[in-house]
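Peer 1: Here you go, one structure.
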Amino acid sequence: MAADSTNLLPLLESQWEAARLDHLRQIGRIAQQLGTPAYLVGGAVRDLFLKRFAPDLDVAVEGDTRALAEACKAQIRGAHYQFHAQFGTAILEDSQGFALDIAQCRLEHYPAPAALPEVRPGNIHADLARRDFTVNAMAIRLDPQQFGILLDPYDGKADLQAGLLRTLHPRSFLDDPTRILRGLRFATRFRMDLAPESHQQLKQALQADIFTQLSGARLWRELRYLLELEALPVALPLLTAWKLWFLLRPTAPASNTMPTLLQRGQEQIQWLRTLFPDEPPAIFIPMLILIWQDVPLADIQHYLDRWPVPDRSRLLADLQVLPGLPDTLLKAKRPSQKANIWQGVSVAGILAAMAVYADNTTLVDSARLYLQVQRRLPSLFNGQELQTLGLKAGPSLGNTLKLLREAQLDGEISNKENAQQWLIKQGILPPKPL
Ligand code: ATP
């Protein structure tokens with residue numbers, strides 16, 4: 001490994017608050033006492049150069065994770081940790097709630113393409129060598145004498161400056177094809193591109209059909225992260241350039257309206273999120289509906305069979321009603337009829353429909369009214385109250401509740417009194433004795 005004496009202390013001090021740095025210093029000091037050096041690794045180092053705030057800090061230690069976490073707990077006032085035996089990692093939190101992940105430096109070996117790696121303890125060099133891209137394979141020393149010194153064995157800093165994602169070795173994508181999708185995400189978020197030799201490796205991995213060897217669950221996890229990216233529209237030309245559309249749909253979209261469509265979808269999600277912060281919709285479902293809105297259902301089934309997507313039948317049902325929605329709504333005259341149509345679609349499906357038919361103001365207004373008001377309209381009576389009024393329990397009671405809701409949506413009733421009158425007028429309740 002080439003020695004690198006770049007001292008990042010000034011950069012760290014200019015970007016991170018003192019408390020965060022103090023916490024790292026303490027960990028570095030305690031790790032040194034234990035004789036197991038610790039390093040800041042991965043995304044946080046990359047983000048430091050990009051001048052982006054790194055929310056998650058990863059510390060790699062050349063020794064026992066639990067022993068370090070335990071010593072930190074003993075020496076740092078208010079510190080505590082959670083140890084995950086399965087992964088041998090610990091989350092260390094200080095009294096101010098500042099948390100970071102500690103993992104043991106490890107060496108990885110891939111027994112077969114796309115299989116999970118065999119892992120054993122290693123030093124920082126081995127730990128950096130197992131990483132996906134040079135820009136993610138940098139570390140910062142935390143030991144007191146050398147705190148802030150950069151380890152950059154693969155010239156990640158230079159690649160970062162050149163905007164290039166470069167794998168560490170030619171088999172990287174074959175070992176772990178999730179790195180291709182991680183690369184796509186980094187390229188999208190940081191507006192980077194693959195280095196030419198890594199692009200060549202991508203081609204070889206695709207020729208080897210590497211994704212067929214990846215489990216559906218691992219693939220879906222990565223696709224989900226992709227669909228949730230704020231910069232998702234930027235990823236679309238990359239999906240074309242990297243020949244990866246097949247992971248999401250049988251062919252690339254025929255028209256170039258997809259970025260606009262997805263952007264509109266994101267705006268609708270944002271609109272709903274602002275209105276109802278406690279009900280954040282799962283971003284990936286509306287995005288999938290939009291990506292699939294022109295794909296035959298039989299093809300979609302093929303993807304859904306492979307991925308553990310939640311609520312598949314709901315998603316398919318939404319896709320089925322989507323093309324006919326403008327006509328169906330046009331035929332519905334009463335507000336209750338429109339609300340009943342929206343009730344048959346999921347919230348994600350409605351948000352997608354608002355993006356697909358953004359130019360149809362009647363449809364969009366009706367969808368907004370449903371999401372904002374109609375679906376949350378408090379009932380004037382519950383089943384119990386109707387029984388107190390003399391109605392019998394059973395299916396007819398459910399039907400009466402439905403009729404009441406429709407009358408309420410159509411503005412025919414607005415309070416308990418006029419609702420009761422309405423029930424009498426409909427012959428559901430007997431007239432009140434004089
Ligand atoms: P962000 O959290 O901003 O998305 P990150 O780089 O921190 O970026 P993580 O998924 O948290 O992303 O991964 C942390 C680090 O672990 C990465 O920087 C990389 O060095 C390494 N890493 C994660 N997944 C892989 C993988 N599949 N192959 C090799 N290295 C990986």
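The values are calculated or read from the model by the stated rules, or taken from the named source; none is laboratory data. On a predicted model such as this, the values are computed, not experimentally measured, just so you know. So basically every Cβ, Gly included, is an ideal-geometry build from the backbone, and we count neighbours across all protein chains shown. When the accessible area is computed, the model is the full protein with side chains, heavy atoms only, and any ligands, DNA or RNA have been set aside. Shrake-Rupley method; radii C 1.70, N 1.55, O 1.52, S 1.80 Å.
Peer 1: Given the range 12-109, what strands (runs of 3 or more DSSP E) lie entirely inside it while holding 1 or more residues that are among the polar types (S, T, N, Q) and open to solvent by 70 Å² or more (accessible area, probe 1.4 Å)? Quick ask: steps written out before the conclusion?
Peer 2: Numbers: elements: 38-41, 58-61, 80-84, 89-93, 99-104, 106-109.
Of the strands (runs of 3 or more DSSP E) lying wholly inside the range 12-109, those with at least 1 residues that are among the polar types (S, T, N, Q) and open to solvent by 70 Å² or more (accessible area, probe 1.4 Å) span 80-84.
Peer 1: OK, next. Identify all residues within the range 331-356 that are in a loop (DSSP other than H, G, I, E, B) and either touching a residue at least 60 places away in the same chain (Cβ under 8 Å) or of a type in the set (D, E, K, R) (or both); write none if there are none. Walk me through how you get there before you give the answer.
Peer 2: Within the range 331-356, the first condition is being in a loop (DSSP other than H, G, I, E, B), and the residues that meet it are 332-334, 344-346.
The answer is LYS333, ARG334, SER346.
Peer 1: Assuming ALA139 fulfils every condition listed in (1) of a type in the set (Gly, Ala, Ser); (2) without any contact (Cβ under 8 Å) to a residue 40 or more places away in the chain; (3) open to solvent by less than 50 Å² (accessible area, probe 1.4 Å) apart from one, which condition is it?
Peer 2: (2)
Peer 1: Next up: Within the set of pairs 6+ apart or on separate chains, which have a first residue in the range 307-330 that is in contact (Cβ under 8 Å) with a residue 24 or more places away in the chain and on the phi > 0 side of the Ramachandran plot, a second that is part of a helix (DSSP H, G or I) and open to solvent by less than 70 Å² (accessible area, probe 1.4 Å), and C-beta atoms under 8 Å apart?
Peer 2: As it stands, the answer is ASP311/ILE285, since those pairs meet every condition given.
Peer 1: Go through (1) without any contact (Cβ under 8 Å) to a residue 40 or more places away in the chain; (2) under 17 Å from the mean Cα position of the chain (by Cα); (3) more than 30 Å from ARG376 (Cα to Cα) for GLN266 and report which single condition fails.
Peer 2: Single failed check for GLN266: (3).
Peer 1: Exactly one condition in (1) in contact with a Leu (Cβ under 7 Å, 6 or more places away or on another chain); (2) under 17 Å from ILE289 (Cβ atoms); (3) surrounded by fewer than 18 Cβ atoms within 10 Å (Cβ to Cβ) is not met by VAL364; state its number.
Peer 2: Condition (1) is where VAL364 drops out.
Peer 1: Going by the conditions given, is GLN426 open to solvent by 80 Å² or more (accessible area, probe 1.4 Å), modelled with pLDDT under 95 and under 27 Å from LYS333 (Cβ atoms)?
Peer 2: Values: open to solvent by 80 Å² or more (accessible area, probe 1.4 Å): yes; modelled with pLDDT under 95: yes; under 27 Å from LYS333 (Cβ atoms): yes.
Yes: the conditions hold for GLN426.
Peer 1: Looking at (1) in a strand (DSSP E or B); (2) within 15 Å of the ligand (Cβ to nearest atom); (3) over 16 Å from GLY63 (Cβ atoms), can you tell me which one ARG131 breaks?
Peer 2: Single failed check for ARG131: (1).
Peer 1: Another question, then. Could you go through the range 118-132 and let me know if any residue there is basic (Lys, Arg), touching a residue at least 40 places away in the same chain (Cβ under 8 Å), under 29 Å from GLN86 (Cβ atoms) and surrounded by fewer than 20 Cβ atoms within 10 Å (Cβ to Cβ). Break it down into steps so the answer makes sense when it comes.
Peer 2: Quick first cut of the range 118-132, residues basic (Lys, Arg) only: 120, 130-131.
Remaining after also requiring touching a residue at least 40 places away in the same chain (Cβ under 8 Å): 131.
This time we only want the ones that are under 29 Å from GLN86 (Cβ atoms), so: 131.
Imposing the further condition that a residue be surrounded by fewer than 20 Cβ atoms within 10 Å (Cβ to Cβ) reduces the set to none.
No, the range 118-132 contains no residue that is basic (Lys, Arg), touching a residue at least 40 places away in the same chain (Cβ under 8 Å), under 29 Å from GLN86 (Cβ atoms) and surrounded by fewer than 20 Cβ atoms within 10 Å (Cβ to Cβ).
Peer 1: So, one more: Can you tell me which residues in the range 285-300 are assigned to a loop (DSSP other than H, G, I, E, B), surrounded by fewer than 18 Cβ atoms within 10 Å (Cβ to Cβ) and not charged (D, E, K, R)?
Peer 2: First, the residues of the range 285-300 that are assigned to a loop (DSSP other than H, G, I, E, B): 293-296.
Add one more test, that the residue is surrounded by fewer than 18 Cβ atoms within 10 Å (Cβ to Cβ), and what stays is 294-296.
Passing the criteria: VAL295, PRO296.
Peer 1: Let me ask something else about it. Condition first: open to solvent by 60 Å² or more (accessible area, probe 1.4 Å), at pLDDT 95 or above and among the hydrophobic types (A, V, I, L, M, F, W, C). Now tell me which residues in the range 246-274 satisfy that.
Peer 2: Hit for the range 246-274 is PHE246, nothing else.
Peer 1: While we're looking at this one, here's another question. Taking the conditions exactly as written (in contact (Cβ under 8 Å) with a residue 60 or more places away in the chain and part of a loop (DSSP other than H, G, I, E, B)), does ALA282 satisfy them or not?
Peer 2: Here the answer is yes, as ALA282 does meet what is asked.
Peer 1: Another question about this same structure. Scan ASP359, ASP318, ASP327 and give me the residue that is loosely packed, with under 12 Cβ neighbours inside 10 Å and assigned to a helix (DSSP H, G or I). Spell out how you get there, then give the answer.
Peer 2: Numbers: ASP359 fails: assigned to a helix (DSSP H, G or I); ASP318 fails: loosely packed, with under 12 Cβ neighbours inside 10 Å.
Among ASP359, ASP318, ASP327, only ASP327 is loosely packed, with under 12 Cβ neighbours inside 10 Å and assigned to a helix (DSSP H, G or I).
Peer 1: Further question on the same structure: Right, ALA69: under 19 Å from SER95 (Cβ atoms) and either at pLDDT 95 or above or within 16 Å of the ligand (Cβ to nearest atom) (or both) or not? Give the derivation first.
Peer 2: Working: under 19 Å from SER95 (Cβ atoms): yes; either at pLDDT 95 or above or within 16 Å of the ligand (Cβ to nearest atom) (or both): yes.
Judged against the criteria, ALA69 is a match.
Peer 1: To continue, here is another question. Let me spell it out: the conditions are (1) over 15 Å from LEU248 (Cα atoms); (2) under 22 Å from the mean Cα position of the chain (by Cα); (3) part of a helix (DSSP H, G or I), and TYR303 meets all of them except one. Which number is the exception?
Peer 2: In the conditions (1) over 15 Å from LEU248 (Cα atoms); (2) under 22 Å from the mean Cα position of the chain (by Cα); (3) part of a helix (DSSP H, G or I), TYR303 misses (1) alone.
Peer 1: Of all residues being within 18 Å of GLY42 (Cβ to Cβ) and in contact with a helix residue (DSSP H, G or I) (Cβ under 8 Å, 6 or more places away or on another chain) in the range 170-183, which is most open to solvent (accessible area, probe 1.4 Å)? Just the residue, please.
Peer 2: Within the range 170-183, the match that is most open to solvent (accessible area, probe 1.4 Å) is ARG182.
To keep it simple, each residue is scored yes or no on (1) polar (S, T, N, Q); (2) farther than 30 Å from MET192 by Cβ; (3) within 28 Å of the chain's Cα centre (by Cα); (4) within 16 Å of the ligand (Cβ to nearest atom).
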site	(1), (2), (3), (4)
TRP16	no, no, yes, yes
ALA19	no, yes, no, no
ALA31	no, yes, no, no
GLY42	no, no, yes, yes
PHE53	no, no, yes, yes
ASP56	no, no, yes, yes
ARG77	no, yes, no, no
PHE83	no, yes, yes, no
